[in-house]
1. Relative to the present Cα-Cα distance, how much length would full extension add between Thr109 and Val67 at 0.36 nm per residue of separation?
2. Take every Cα-Cα distance within region 129-183, group them into 10 Å bins from 0 onward, and report for each bin the whole-number percent of pairs it holds.
3. Whose amide H sits under 5 Å from the amide H of Arg163, counting only residues 5 or more places off or on another chain, with H placed in the peptide plane?
4. From the phi of every residue in region 74-82, what ³J(HN,Hα) in whole Hz does the Karplus formula 6.51 cos²θ - 1.76 cosθ + 1.60 yield, where θ is phi - 60° and glycine or proline is x?
5. What does the accessible area per residue of region 69-133 come to in Å², with a 1.4 Å probe and no ligands, DNA or RNA counted?
6. Can you list residues from other chains, or at least 5 along the same chain, whose modelled amide H is less than 5 Å from the amide H of Thr152?
7. Net charge near Val67, counting Lys/Arg +1 and Asp/Glu -1 over other residues with Cβ under 15 Å of its Cβ?
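The values are calculated or read from the model by the stated rules, or taken from the named source; none is laboratory data. These numbers come from a predicted model, not from an experiment. As a convention, Cβ positions derive from the backbone with ideal geometry for all residues, glycine included, and neighbour counts pool all protein chains shown. For accessibility, only protein heavy atoms count, side chains too; no ligands or nucleic acids. Shrake-Rupley method; radii C 1.70, N 1.55, O 1.52, S 1.80 Å.
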Amino acid sequence: MTEHEKHTTDVSAPDRPQSAESRNAETKKPADAEAKLCDLEDKFLRALADAENARKRAARARTEGHVAGIAEAVNALLPTLDNIELALKNRPNTDAVSVASLFDGVEATRRVFIEGLKSLGVERLDPTGKAFDPNTCEAMSVQEVDTAPTNTVLETVQPGYRRGDYLIRPAFVVVSKVKNSGPGESEDQHTKV
């Protein structure tokens, strides 16, 4: 080895014992980096979950808005259908061909209208003959009868409409009440079996 090589070799870093402080600093660096990485990963996963929740909320709001929009449109059109049905219900008894063809046209219009509602997912509620349900019906009047149990829908004045669980309009109905046969007799005596 030449003198120059000896000199350069001596200048190189000698093997000195490291202080405890420098060893702690070196072992702390990976631990700090790992903690920061875990913290960043946690923040990333939370942000990802927040984004997914926001996406679900937006989808739910979009669906609810769609249903409410259809319900509003249907509600605006229902008086037209009601008038068509009223005209059909009050059809005069006549043999005139022109009147009969007019009512055939009104009936065809009604059928197409109802099919259009069905295509939008709108269900028609006609509870005639069924038990009165205050969630889907509104009683217009009560009629005393002896042919049906109390709270039976005797007549649907106007049908109700709903789309899924969303009630667009309740059915307007006439509800039964058992007729009392005598002055001392109560309604409970008629309903007992």
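1. Working: separation 42, 0.36 × 42 = 15.12 nm, distance 2.46 nm.
Between Thr109 and Val67, full extension yields an extra 12.7 nm.
2. For region 129-183, the binned pair fractions read 27, 45, 21, 6, 1 percent.
3. Result for Arg163 returns Glu123, Ile168.
4. After applying 6.51 cos²θ - 1.76 cosθ + 1.60, I find 4, 4, 5, 8, 4, x, 4, 5, 4 Hz.
5. Values: 4180 Å² over 65 residues.
That works out to 64 Å² for each residue.
6. Those qualifying (amide H under 5 Å, at least 5 residues apart or on another chain) are Phe132, Ser176.
7. Details: positive: Arg60, Arg62, Arg162, Arg163, Arg169; negative: Glu64, Glu72, Glu123, Asp165.
Result for the local shell: +1.
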